[in-house]
Amino acid sequence: MARPESQHNIASDKNALHLGMPFTTLTHDTFEALFNYASIGILITNAAGDIQMANKYIEKQFCYDEGELIGKKVETLVPTRFSKRHVGHREKFSHDPHSRPMGLGMELAGLKKDGTEFPVEVSLGHYKIGDNSYALAFINDITQRKETEQAIVQLNAHLEEKVKEGSQSLAITVEQLGNQIKETERKDAELERVNTFLNNIWNHAGAIIFVCDIDGLIQFFNPAAEKWLGYTSAEAVNKMTLASFHVASELEKKAEDLSKRTGKVIRPGFEVFTTATELNQDTNQEWHYVRKDGSTFFVSLNVTPLKDAHNNISSYLGIAIDISEKKRAETELLAALEKEKELNELKSRFVSMASHEFRTPLSAVLSSAYLLSKYTKTEEQPQREKHIQRIVSSVTSLTEILNDFLSVGKIEEGDIQAHSRDFDIKELMDDILHEVNHLLKKEQRISYVHTGKERVAYLDPSMMKHIVTNLLSNAIKFSNENSVIELVTEKSDKKLLVSVKDSGIGIPEDDIENLFKRFFRSSNATNIQGTGLGLHIVAKYAELLNGRITCESKLGEGTKFTITFLNQI
């Protein structure tokens with residue numbers, strides 16, 4: 001293990017070191033395994049950014065020899081284009097240290113000794129020994145997910161060589177024995193110092209760290225795990241398994257996937273993690289962790305087997321980093337991209353529709369305006385009125401198309417709000433009938449009947465006007481001359497019913513379920529002018545007014561639209 005060089009006198013009182021349990025239960029070897037066997041890079045720097053400790057995994061990650069990183073600036077591991085900015089971040093963290101994941105919403109990169117860059121995730125922690133401040137970083141190579149080194153570094157080297165046979169063993173003097181005693185004391189002091197650092201790693205890391213046995217039963221549980229998961233060490237150790245913190249459905253899905261890969265049945269529990277480590281893959285995954293209160297959060301979890309002196313797996317080390325903010329940012333970005341895609345599709349379809357639908361009324365306006373200039377005599381007034389009416393009708397059609405598109409745009413962006421009040425429904429219908437009168441074909445007429453009270457409440461008269469006007473316009477357009485269109489309003493207890501019925505061409509049964517989708521047009525109406533937006537807007541407005549629209553139709557016999565508004569008084 002590479003060790004920091006520090007002139008600070010580190011306290012050696014073992015009773016001051018704790019992991020939420022008696023010190024004697026947490027051995028030096030256990031901490032050594034946590035530091036050197038973690039399949040994640042661990043780095044400790046002082047307040048000036050000088051690297052004090054670096055585990056073997058991070059040396060391998062960055063292609064440095066053992067101990068070569070000690071004393072170097074942490075910016076050595078940062079790409080040159082980021083190093084100056086990183087100095088500012090480091091100094092800011094030194095003045096206000098607090099455990100946290102680093103670089104949310106950013107792509108962080110590490111720089112290997114050979115100049116190669118690779119993406120990393122970083123979680124920061126901090127602690128103090130006396131007046132000295134230290135920063136603790138967990139650095140994870142998210143492109144390689146390399147299996148951690150399996151060898152256990154033995155800190156306790158042989159304290160003495162085999163006594164040479166014969167006369168050499170007699171040559172050991174009292175002075176040599178004294179030197180050996182001093183060396184032993186020095187190594188004990190060094191182990192004490194290392195234990196202090198390892199305890200600080202355990203107690204002050206921002207990441208969740210735990211150790212479980214070969215059956216998944218929790219053996220050690222660090223303070224960060226208590227904070228993030230809501231369980232105390234006493235509640236978790238020897239009572240809960242690693243699977244206890246996971247969503248059951250995610251474990252079942254992963255177990256099913258591993259069963260297909262391995263060809264054997266994998267149970268949805270701790271076996272999911274042991275199997276993944278056996279396959280040397282998927283040791284670092286994203287999961288939902290479940291807190292004691294039932295709430296969940298995203299973590300990036302790494303599970304690594306720890307081996308004993310006989311190379312047998314004796315336990316498992318788990319390190320989990322909270323990535324909730326990162327996942328939330330990804331979700332928001334995907335939603336924004338999907339919304340942008342929908343809006344682009346809406347614009348594209350409008351351009352296509354507009355190029356077709358605008359051509360006919362604009363041509364009519366142009367030709368009628370030209371012919372008007374030819375009718376100069378008094379007796380030609382009927383011809384002039386005919387072409388003026390064509391211009392008015394075409395301009396009305398263009399206005400309706402533009403209004404429909406603007407309404408759809410506002411609906412999609414959530415800018416439409418109902419301004420409800422009480423008003424006279426019969427009076428509103430009379431105004432609408434007067435406005436659509438010019439749209440009627442030869443000998444067409446609208447029959448209007450109202451029953452019940454005339455005052456209605458909790459409705460937006462402007463939206464109601466748009467709904468009824470659109471339904472009447474469609475009824476006029478799809479009905480023959482000499483036909484009657486029936487408009488009915490009925491106010492009853494807590495309900496208002498509005499219906500429009502025509503005797504026109506009708507709608508094919510297979511098309512009815514798609515009528516209220518954007519740009520949808522019935523298969524038997526392709527030769528009749530229209531945008532396919534009107535009924536979509538009607539349905540959205542009705543929904544905003546707590547209404548429900550239904551359609552009844554039969555080919556060749558006509559169509560009836562009925563809207564029921566609730567919560568009336």
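Could we say that residue 517 is surrounded by fewer than 17 Cβ atoms within 10 Å (Cβ to Cβ), without any contact (Cβ under 8 Å) to a residue 24 or more places away in the chain and over 30 Å from residue 389 (Cα atoms) here? Before you say what the answer is, go through the steps one by one.
Details: surrounded by fewer than 17 Cβ atoms within 10 Å (Cβ to Cβ): yes; without any contact (Cβ under 8 Å) to a residue 24 or more places away in the chain: yes; over 30 Å from residue 389 (Cα atoms): yes.
Criteria met by residue 517.
Any residue in the stretch 234-250 that is within 28 Å of residue 127 (Cα to Cα), among the hydrophobic types (A, V, I, L, M, F, W, C) and out of contact with any strand residue (DSSP E or B) (no Cβ under 7 Å at 6 or more places or on another chain)? First the steps, then the outcome.
Within the stretch 234-250, the first condition is being within 28 Å of residue 127 (Cα to Cα), and the residues that meet it are 234-237, 242, 245.
Checking which are among the hydrophobic types (A, V, I, L, M, F, W, C) leaves us with 234, 236-237, 242, 245.
Next, from what is left, pick out any that are out of contact with any strand residue (DSSP E or B) (no Cβ under 7 Å at 6 or more places or on another chain): 234.
Checking the stretch 234-250: at least one residue is within 28 Å of residue 127 (Cα to Cα), among the hydrophobic types (A, V, I, L, M, F, W, C) and out of contact with any strand residue (DSSP E or B) (no Cβ under 7 Å at 6 or more places or on another chain).
Where in the stretch 95-140 are there strands (runs of 3 or more DSSP E), lying wholly inside it, with at least 2 residues that are modelled with pLDDT of 80 or more and touching a Ser or Thr at 6+ places or on another chain (Cβ under 6 Å)? Walk me through how you get there before you give the answer.
Working: elements: 100-102, 108-111, 117-129.
Those strands (runs of 3 or more DSSP E) span 117-129.
Out of everything in the stretch 532-555 that is in a loop (DSSP other than H, G, I, E, B) and modelled with pLDDT of 85 or more, what residue ends up being farthest from residue 491 (Cα to Cα)?
Filtering the stretch 532-555 for residues in a loop (DSSP other than H, G, I, E, B) gives 532-533, 545-546, 555.
Filter once more, so that each one left must be modelled with pLDDT of 85 or more: 545-546, 555.
Values: 545: 16, 546: 15, 555: 30 Å.
The residue in question is 555.
Between residues in the stretch 116-142 that are closer than 18 Å to residue 80 by Cα and residues that are of a type in the set (Ser, Thr, Tyr) and surrounded by fewer than 16 Cβ atoms within 10 Å (Cβ to Cβ), which pairs lie under 8 Å by C-beta distance while being six or more apart or on different chains?
Between residues of the stretch 116-142 that are closer than 18 Å to residue 80 by Cα and residues that are of a type in the set (Ser, Thr, Tyr) and surrounded by fewer than 16 Cβ atoms within 10 Å (Cβ to Cβ), the close pairs are 118/143; 119/143.
Are there any pairs, at least 6 apart or on different chains, whose C-beta atoms fall under 6 Å, with the first in the stretch 289-301 and surrounded by 17 or more Cβ atoms within 10 Å (Cβ to Cβ) and the second aliphatic (A, V, I, L, M), and if so, which?
Matching pairs, first to second residue: 289/299; 298/323; 299/320; 300/321; 300/323; 301/320.
Residues that are closer than 28 Å to residue 125 by Cβ and in contact (Cβ under 8 Å) with a residue 12 or more places away in the chain: does the stretch 259-266 have at least one? Let's see the steps before the verdict.
Here is the first cut: in the stretch 259-266, the ones closer than 28 Å to residue 125 by Cβ are none.
No; the residues of the stretch 259-266 include none that is closer than 28 Å to residue 125 by Cβ and in contact (Cβ under 8 Å) with a residue 12 or more places away in the chain.
Give, as residue ranges, the helices (runs of 4 or more DSSP H) completely inside the stretch 351-464 that count at least 1 residues that are assigned by TED's automatic domain parsing to the domain that holds residue 536 and modelled with pLDDT of 75 or more. Don't jump to the end; show me each part of the working.
Values: elements: 359-372, 381-413, 425-436.
Fully inside the stretch 351-464 and qualifying: 425-436.
Is there a residue in the stretch 486-494 that is modelled with pLDDT under 90, assigned by TED's automatic domain parsing to the domain that holds residue 517 and in a strand (DSSP E or B)? So that I can check it myself, show each step before the final result.
Within the stretch 486-494, the subset modelled with pLDDT under 90 is 492-494.
From the residues that got through so far, the ones that are assigned by TED's automatic domain parsing to the domain that holds residue 517 too are 492-494.
Going one step further and asking which of them are in a strand (DSSP E or B), we end up with 492.
Yes.
Filter the stretch 258-288 down to the residues that are under 21 Å from residue 305 (Cβ atoms) and either under 23 Å from the mean Cα position of the chain (by Cα) or not assigned by TED's automatic domain parsing to the domain that holds residue 318 (or both) and list them by number. Lay out the reasoning, then the answer.
First pass over the stretch 258-288, keeping only residues under 21 Å from residue 305 (Cβ atoms): 258-259, 261-262, 264, 266-287.
Answer for the stretch 258-288, where residues must be under 21 Å from residue 305 (Cβ atoms) and either under 23 Å from the mean Cα position of the chain (by Cα) or not assigned by TED's automatic domain parsing to the domain that holds residue 318 (or both): 282, 283, 284, 285, 286, 287.
Kindly indicate whether any position in the stretch 495-515 is under 28 Å from residue 419 (Cα atoms), touching a helix residue (DSSP H, G or I) at 6+ places or on another chain (Cβ under 8 Å), in a loop (DSSP other than H, G, I, E, B) and at pLDDT below 90. Working first, answer last.
Here is the first cut: in the stretch 495-515, the ones under 28 Å from residue 419 (Cα atoms) are 495-501, 515.
Remaining after also requiring touching a helix residue (DSSP H, G or I) at 6+ places or on another chain (Cβ under 8 Å): 496, 498, 500-501, 515.
With in a loop (DSSP other than H, G, I, E, B) added as a condition, the list becomes 515.
Now drop any that are not at pLDDT below 90, which leaves 515.
Checking the stretch 495-515: at least one residue is under 28 Å from residue 419 (Cα atoms), touching a helix residue (DSSP H, G or I) at 6+ places or on another chain (Cβ under 8 Å), in a loop (DSSP other than H, G, I, E, B) and at pLDDT below 90.
What tally of residues in the stretch 211-257 results from selecting those that are at positive phi and within 28 Å of the chain's Cα centre (by Cα)? Lay out the reasoning, then the answer.
Step one: of the stretch 211-257, the residues at positive phi are 216, 230, 238.
From the residues that got through so far, the ones that are within 28 Å of the chain's Cα centre (by Cα) too are 230.
Qualifying residue count for the region: 1.
The values are calculated or read from the model by the stated rules, or taken from the named source; none is laboratory data. Remember, it's a predicted structure, so these values are computed and weren't measured experimentally. With ideal geometry, Cβ positions are generated from the backbone for all residues, glycine too; neighbour counts draw on all protein chains shown.
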